[in-house]
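Peer 1: One structure, pasted below without further comment.
Just so it is clear, none of the values below were taken in a lab; they were calculated from the coordinates. Keep in mind the model is a prediction, meaning the values are calculated, not measured. Because the Cβ atoms are built from the backbone with ideal geometry, glycine has one as well, and the counts that use them run over all protein chains shown.
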Amino acid sequence: MLVAKAEYDYYPEYTVENESKKVIKKKKKVRAINKRMYITIAIIIFASNLLILYRYAKITEANMEISRLENQIIELEQTKQDLEGKLEGVKSTTMISEEAKNSLGMIYPQDGQVVYVAVDDSNDIEVANRSFSDKLKNIVSNFSSLF
């Protein structure tokens, strides 16, 4: 062992070169790892920026759709108001009476043409005047007639 140790010390340049090669290899590995890390970080940042731009595009598209629908709502409300105005015009009694006179030839009746009909309300009063006990007797008798 002692001889091997002595021989090892005999070539001092050899040991220095091997150590410097190891250091160079380690530096190259560290640089390669740093390059990969930087590239990975750049890719992540690029992907996140693309995602943010995509979401902004979706938000803008949704805002445009909302604006279009709001304009459509305004147009429909105006159409509704126009139709309500026309409906009120059609429902007015003066317009109906004028239309009946002009196109159908109708006239208001004279006093001799009006007939009044009398309605007998006495039947309704009799039903209302019956007492609760009479109603109960009627129900019990109907029920007993079933058996």
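Peer 1: Need the full-extension length gain, residue 49 to residue 133, defined as separation in residues times 0.36 nm minus the C-alpha distance. One decimal, nm.
Peer 2: 21.6 nm
Peer 1: In addition: If you take the beta carbon distance between residue 145 and residue 119 as r and set R0 to 30 Å, what does 1/(1 + (r/R0)^6) give as a FRET efficiency, to the nearest 0.05?
Peer 2: The computed FRET efficiency comes out at 0.30.
Peer 1: Cβ under 13 Å from residue 91's Cβ, residue 91 left aside: what net charge do those residues give with Lys, Arg +1 and Asp, Glu -1?
Peer 2: Local charge sum for residue 91: -2.
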